[in-house]
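Here the structure comes first, spelled out in structure tokens, and everything after it is commentary.
The values are calculated or read from the model by the stated rules, or taken from the named source; none is laboratory data. Values in this document were obtained by computation on a predicted structure and should not be read as measured data. In this analysis, Cβ positions are derived from the backbone assuming ideal geometry, glycine residues included, and neighbour counts consider all displayed protein chains. Side chains included, ligands, DNA and RNA excluded: accessible areas come from the protein's heavy atoms. Shrake-Rupley method; radii C 1.70, N 1.55, O 1.52, S 1.80 Å.
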Amino acid sequence: MRHLTKSVNIGKLKIGGDADILIQSMLNTKNGDVDAAIKQTTALKEAGCDIVRLAVTDDESIKVIKALKKEVDIPLVADIQFDYKMAIASIENGIDKVRLNPGNIGNERRVKEVIDAAKERCIPIRVGVNTGSVSLDIAKKYGRYSAEGLVFDAMRHIEILEKYDF
């Protein structure tokens with residue numbers, strides 16, 4: 001059974017709500033290799049992919065975003081690993097959605113800066129948590145690989161987004 005959720009725009013597409021289910025894939029090109037990223041993104045789109053996600057870890061990643069936005073017409077998602085400044089730079093350079101793991105970002109002030117940039121440009125944020133990024137207090141309470149801990153961590157980060165009306 002499909003649950004009705006809130007829809008959000010990712011570029012020209014909608015996800016959630018009663019929108020069609022979309023196919024998303026992630027680039028696995030060498031970081032900063034613009035030509036390979038364009039080639040792989042084009043191939044993914046031709047194969048039926050609707051949304052492309054890429055790891056954004058440094059300034060070279062931002063160059064890839066800029067090039068992809070010029071060369072390929074497909075929504076792009078920035079997968080932010082650790083540096084909140086990379087999330088802000090991705091937003092400023094045209095990314096269509098951010099996957100943010102607030103547990104890796106540091107403190108709430110940094111997360112709020114990302115929220116502010118995303119709100120200004122109407123960019124959705126996906127909260128992503130995984131066992132490698134569970135906050136220390138949660139890992140101590142639930143264990144690093146606990147489903148309960150992952151859910152608790154995700155909900156805590158969602159509360160931060162909601163606190164700032166995102």
- Name the one entry in Asp79, Asp59 that is open to solvent by less than 70 Å² (accessible area, probe 1.4 Å) and either within 16 Å of the chain's Cα centre (by Cα) or more than 17 Å from Arg126 (Cα to Cα) (or both). Asp79
- Query: Of (1) assigned to a helix (DSSP H, G or I); (2) open to solvent by 40 Å² or more (accessible area, probe 1.4 Å); (3) touching a strand residue (DSSP E or B) at 6+ places or on another chain (Cβ under 7 Å), Ile65 satisfies all except one. Which?
  - Reply: (2)
- Task: With the condition kept exactly as written, say whether any residue in the stretch 30-46 is over 14 Å from the mean Cα position of the chain (by Cα) and under 21 Å from Val127 (Cβ atoms).
- Result: no
- Query: Out of all the residues in the stretch 45-56, which are assigned to a helix (DSSP H, G or I) and either aromatic (Phe, Trp, Tyr) or surrounded by 16 or more Cβ atoms within 10 Å (Cβ to Cβ) (or both)?
  - Reply: Lys45
- Any chance Ala87 is in a helix (DSSP H, G or I), free of Cβ contacts under 8 Å to residues at least 40 places away in the same chain, among the small types (Gly, Ala, Ser) and over 14 Å from Gly128 (Cα atoms): no
